[in-house]
Each structure stands twice: as structure tokens, then as C-alpha cells.
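To start, the structure itself, in C-alpha cells.
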Amino acid sequence: MNADEPTVDPAAEEATVPAPNETSPDGTPSGDAAAEEQAAAEPVELDIDVLLSERDQFKDIALRLQADFDNYRRRVGSQRGEEIDRATGRIVESLLPVLDACEAAFAHGVDGVEPIWSALIGVLQKQGLEALDLQGKPFDPAVADAVTHEPGEDEAFDGPVVTDTLRTGYRWNGKVLRAAMVRTKG
């Protein structure tokens, strides 16, 4: 032995070596072994609880994202439908002068216009165009523009009544596309 090397007491060395796992006669760990096993089990239970709470948080996030995506899809579909309705409304609005020309030609007795006018108005009506029939009804500024007004003697209505339609008004899918030009009385 060297003088530089520390001396080791064999009895002290045995005290630091852990004892082998001892079990009681019923097979359960006893003493230090039971305490070590319990200490090791607690972090595992805590880890499982942490993992379960993280799983629940991620599940909630996934459900929220799914709901947000479903709302987005519905909103985009609705906006797309509204844009299609506006675009078709603009096309129909651009065809109204053609309908007016056909109507005027038919009123003046031009031959051959009625089949074309009927076909055009029929196709547009199937798509949602509706001619406003205001003759004899109370004047409504939301659907008609009064061009002339005659005083009336009849007190049957509280306000003016449409007596003549000078230009037909139209609705497209329930919305006024073009107000009618009318003559009122009353």
C-alpha cells in the first residue's frame, strides 16, 4: 500500500452497499424496498395524469379547429351562393332593355316579336325573375317610381293608387331588380 492512497475500512464499505430486496413471507416488499417501490410508483402516476390532461387539451384544440373549419366552410359556401346570385342578377339586369324593347314592339303590333319575348321572359322567370303587377294597387315607393300623379276624387284608399304602368318593374329572387315607372292617382 502507498501512503498516498486512503485507507478503507471494510465495515464502512459494507454499510454503503445496498441490501438486496427483502420480502416478507406474504410476498410483499418490506422495509426499504417497499419505500423505494412506492417512491417510484408516484412519479409514474403523476406522469400518467399529466399525459391525460395534455391529451384532453389537444382533443379540445382539435374539436375547436374542426368547428372553426366547419363554420368557415359554411360561410364560404354562403358567400359563394350570394356572389352567384349577384352575378346572375347583373346579367338579368343587363337583359331588361331587351325585354323592354320586345314589350314595346309587341305593344305597337310588330309581328314576330311575341314568340321571342315570351321565350326570353319564360326562361328568366324559371330562374327567378318576376314582373311586378302593380295596376290598381296602393303605391309603394319601394317597388315603383311615380312619374306622374293625378288628384283623385275617390277616398277608398288612404294614399295614391297605381293607375298605369309606364315601364315594367322586376324582382329577382325576391329582391327588387328594377323599380317600375308608374302613374298614380289619389
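The numbers here are math on the coordinates, done by the rules we state, and not lab data. None of the values given here were measured: they were computed from a predicted structure. Glycine gets a Cβ as well: all are built from the backbone with ideal geometry, and neighbour counts include every protein chain shown.
In the stretch 103-136, which residues are of a type in the set (D, E, K, R) and either surrounded by 13 or more Cβ atoms within 10 Å (Cβ to Cβ) or within 27 Å of THR163 (Cα to Cα) (or both)? Walk me through how you get there before you give the answer.
Initially, the stretch 103-136 is screened for residues of a type in the set (D, E, K, R), giving 103, 111, 114, 126, 130, 133.
Residues satisfying the conditions are GLU103, GLU114, GLU130, ASP133.
Across the stretch 100-114, what is the total count of residues that are of a type outside the set (Asp, Glu) and over 21 Å from LEU132 (Cβ atoms)? Give the steps one after another, and end with the answer.
Taking the stretch 100-114 and keeping what is of a type outside the set (Asp, Glu), we get 101-102, 104-110, 112-113.
Applying the additional criterion that residues be over 21 Å from LEU132 (Cβ atoms) yields 108-110, 112-113.
The total comes to 5.
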- Within the stretch 137-185, which residues are among the polar types (S, T, N, Q), in contact with a strand residue (DSSP E or B) (Cβ under 8 Å, 6 or more places away or on another chain), in a loop (DSSP other than H, G, I, E, B) and surrounded by fewer than 16 Cβ atoms within 10 Å (Cβ to Cβ)? none
- For the stretch 88-102, state whether one or more residues are closer than 28 Å to THR184 by Cβ, without any contact (Cβ under 8 Å) to a residue 60 or more places away in the chain, exposed (fewer than 13 other Cβ atoms within 10 Å of the Cβ) and not hydrophobic (A, V, I, L, M, F, W, C). yes
